[in-house]
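First up is the structure itself, then whatever we jot down about it.
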Amino acid sequence: MNNLILIKYGELTTKKANRNEFIRRLANNIKNILNGEEFSIKFDRVRMYIECSNVDSIVNKLKRVFGIHGIVICHKVNTNIDTIKEKVLELLKNENFNTFKIHTKRADKSFEIHSMEFNNIIGGYVLKNIKSKVDVHNPDVLVTIEIRPEGTFIYTNEIKGIGGYPVGIQGKGLLMLSGGIDSPTAGYLALKRGVDLECLYFESPPHTSLEAKNKVIKLASIINEYSGNIKVNIVPFTKLQEAIYKNVPDSYVITIMRRMMYRIAERVALIHKCKVIINGESIGQVASQTLTSMSVINSVTNFPVIRPVACMDKLEIIDIAKKINTYETSILPYEDCCTIFLPTHPVINPDINKCLLYEMSFNYEQLIEECVNNIETITNLKNEEYTDLL
């Protein structure tokens with residue numbers, strides 16, 4: 001293994017007393033994502049170093065690891081002026097450029113030459129050997145030289161990471177995952193803030209299809225590329241949903257159904273030690289997402305609920321969905337239980353007292369208990385048994 005990748009922490013550097021905990025979590029997440037690759041990893045409070053053989057494959061996977069600000073393929077040499085000169089020249093001969101800049105970071109203060117002076121020494125050597133110009137504002141190639149106690153690290157242009165916090169550092173949340181565009185995007189954004197995920201999907205066969213279920217599992221597997229340990233809990237919702245349609249006026253069906261989903265989500269969250277419920281609600285997008293509807297629906301639980309896309313418009317959400325590769329799966333024409341039997345005129349300003357009255361007309365507690373007791377949990381999201389059926 002002769003390739004060296006340097007990881008820059010970014011936002012993690014704002015942490016103080018618990019910084020080491022964040023870095024250890026990042027290292028563990030990287031090991032999880034790189035499972036199956038040949039690599040070794042070392043880290044301290046400032047940098048992380050990965051030695052590997054298949055650098056392209058590993059860099060592509062690191063681009064999906066939250067907590068990484070920058071990724072650079074670097075070269076470690078002895079802190080010797082002539083050695084540094086030759087390595088810089090070797091790297092630049094493999095680059096296509098007209099202008100360049102040398103940027104030295106002298107973390108090892110025992111190195112006697114100051115950074116600006118060393119920039120001039122190395123830059124002058126490059127100019128003597130390669131036809132080019134120095135551009136300190138907008139160079140074609142930026143050469144960074146980090147002089148550290150353990151050696152000198154040299155690299156050219158940096159690959160941008162996706163930032164955020166390491167997944168899991170904030171604890172776990174339960175994502176109410178549908179087959180739409182919004183909830184996978186909400187899951188991605190929660191992961192970015194360090195929230196580990198379990199997913200909750202409500203299926204209602206025969207009203208919902210096997211393809212709809214597999215679509216959701218496929219969406220979970222896509223966002224799992226940013227985590228590596230997501231599970232999907234599938235709730236058998238048919239009997240409860242049918243009871244709602246039988247006993248509740250048409251205009252209130254969606255409101256009551258969402259209230260039942262929240263009750264189930266709270267119980268599942270407690271079972272799986274989740275700290276929050278997460279969903280893809282966006283203010284005003286549909287009847288159940290007006291402020292009045294959200295308030296009435298949310299009133300069945302005191303559990304914290306976060307809505308990462310609540311204040312985004314649809315185009316903003318779609319842009320993220322396309323970036324994270326969930327969009328094409330989300331628009332597959334397989335309906336989930338929130339879209340089947342959709343009322344012609346769903347109430348947009350529901351009355352809480354009417355909700356309580358309608359819920360008294362059937363024994364929903366027993367049906368909720370049955371839902372929770374018969375959940376199917378999928379842990380292997382890489383199983384092609386599901387995604388191949390789409």
Test set (1) surrounded by 16 or more Cβ atoms within 10 Å (Cβ to Cβ); (2) at pLDDT 95 or above - N120 fails condition number: (1)
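Yes or no: L315 surrounded by fewer than 17 Cβ atoms within 10 Å (Cβ to Cβ) and assigned to a loop (DSSP other than H, G, I, E, B)? Even if it seems obvious, please write down each step before you answer.
Working: surrounded by fewer than 17 Cβ atoms within 10 Å (Cβ to Cβ): yes; assigned to a loop (DSSP other than H, G, I, E, B): no.
Judged against the criteria, L315 is not a match.
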Residue match in the range 329-346 (condition: in a helix (DSSP H, G or I), aromatic (F, W, Y), more than 30 Å from K192 (Cα to Cα) and out of contact with any His (no Cβ under 6 Å at 6 or more places or on another chain)): no
Matching option when the condition is at pLDDT below 95, closer than 30 Å to R25 by Cα and assigned to a loop (DSSP other than H, G, I, E, B), among E281, E225: E281
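Check the range 151-161 and report whether any residue there is under 30 Å from K273 (Cβ atoms) and either at pLDDT 90 or above or out of contact with any strand residue (DSSP E or B) (no Cβ under 8 Å at 6 or more places or on another chain) (or both). Full working, then the answer.
Within the range 151-161, the subset under 30 Å from K273 (Cβ atoms) is 161.
The next check asks that each one be either at pLDDT 90 or above or out of contact with any strand residue (DSSP E or B) (no Cβ under 8 Å at 6 or more places or on another chain) (or both); those that pass are 161.
Yes, because at least one residue in the range 151-161 is under 30 Å from K273 (Cβ atoms) and either at pLDDT 90 or above or out of contact with any strand residue (DSSP E or B) (no Cβ under 8 Å at 6 or more places or on another chain) (or both).
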Some residue of the range 263-278 being farther than 19 Å from K172 by Cβ and not in a loop (DSSP other than H, G, I, E, B): yes
Counted residues, the range 246-277 - those being surrounded by fewer than 17 Cβ atoms within 10 Å (Cβ to Cβ) and either within 18 Å of A190 (Cα to Cα) or not basic (K, R) (or both): 9
Qualifying positions in the range 106-143 - part of a loop (DSSP other than H, G, I, E, B) and under 17 Å from N96 (Cα atoms): I130, K131, S132, D135, N138, P139, D140
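Check the range 87-99 and report whether any residue there is assigned to a strand (DSSP E or B), under 33 Å from the mean Cα position of the chain (by Cα) and either of a type in the set (K, R) or surrounded by fewer than 16 Cβ atoms within 10 Å (Cβ to Cβ) (or both). So that I can check it myself, show each step before the final result.
The first filter runs over the range 87-99 and keeps only residues assigned to a strand (DSSP E or B), leaving 99.
From the residues that got through so far, the ones that are under 33 Å from the mean Cα position of the chain (by Cα) too are none.
No, every residue in the range 87-99 fails to be assigned to a strand (DSSP E or B), under 33 Å from the mean Cα position of the chain (by Cα) and either of a type in the set (K, R) or surrounded by fewer than 16 Cβ atoms within 10 Å (Cβ to Cβ) (or both).
Quick check on the range 43-55. Is at least one of its residues in contact with a Gly (Cβ under 7 Å, 6 or more places away or on another chain) and either without any contact (Cβ under 8 Å) to a residue 60 or more places away in the chain or not in a loop (DSSP other than H, G, I, E, B) (or both)? Step through it out loud before you land on a result.
Within the range 43-55, the subset in contact with a Gly (Cβ under 7 Å, 6 or more places away or on another chain) is none.
No - not one qualifying residue is present in the range 43-55.
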The listed residue being among the acidic types (D, E), surrounded by fewer than 17 Cβ atoms within 10 Å (Cβ to Cβ) and outside any loop (DSSP other than H, G, I, E, B), out of E211, E146: E211
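Being assigned to a helix (DSSP H, G or I) and either more than 18 Å from F237 (Cα to Cα) or at pLDDT below 95 (or both) is the filter here; which residues of the range 351-372 pass it?
Filtering the range 351-372 down to residues assigned to a helix (DSSP H, G or I) leaves 352-359, 364-372.
Selection gives I352, N353, K354, C355, L356, L357, Y358.
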Test set (1) assigned to a helix (DSSP H, G or I); (2) surrounded by 14 or more Cβ atoms within 10 Å (Cβ to Cβ); (3) more than 33 Å from the chain's Cα centre (by Cα) - I58 fails condition number: (3)
Selection within the range 88-143 - farther than 17 Å from Y155 by Cα, touching a residue at least 24 places away in the same chain (Cβ under 8 Å) and among the charged types (D, E, K, R): D108, K133, D135
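Restricting attention to the range 194-207, report how many residues are of a type in the set (V, I, T) and closer than 21 Å to R263 by Cα. Full working, then the answer.
Of the residues in the range 194-207, the ones of a type in the set (V, I, T) are 195.
Add one more test, that the residue is closer than 21 Å to R263 by Cα, and what stays is none.
The total comes to 0.
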Unique residue being of a type in the set (S, T, Y), part of a strand (DSSP E or B) and surrounded by 21 or more Cβ atoms within 10 Å (Cβ to Cβ) when the list is T185, T152: T152
Scan of the range 148-184 for residues that are within 20 Å of K213 (Cβ to Cβ) and β-branched (V, I, T), ordered by number: I181
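Yes/no per residue for (1) within 13 Å of the chain's Cα centre (by Cα); (2) over 30 Å from C74 (Cβ atoms):
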| position | (1), (2) |
| --- | --- |
| T152 | no, no |
| N157 | no, no |
| G168 | yes, no |
| S178 | no, yes |
| A190 | yes, yes |
| E203 | no, yes |
| L240 | no, yes |
Filtered residues of the range 156-170 (kept if buried (at least 21 other Cβ atoms within 10 Å of the Cβ) and hydroxyl-bearing (S, T, Y)): Y165
Any hit, the range 351-363, residues being under 30 Å from L270 (Cβ atoms), in contact (Cβ under 8 Å) with a residue 40 or more places away in the chain and in contact with a strand residue (DSSP E or B) (Cβ under 8 Å, 6 or more places away or on another chain): no
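The values are calculated or read from the model by the stated rules, or taken from the named source; none is laboratory data. These numbers come from a predicted model, not from an experiment. Reconstructed Cβ throughout: ideal geometry from the backbone, glycine too, with neighbour counts over all protein chains shown.
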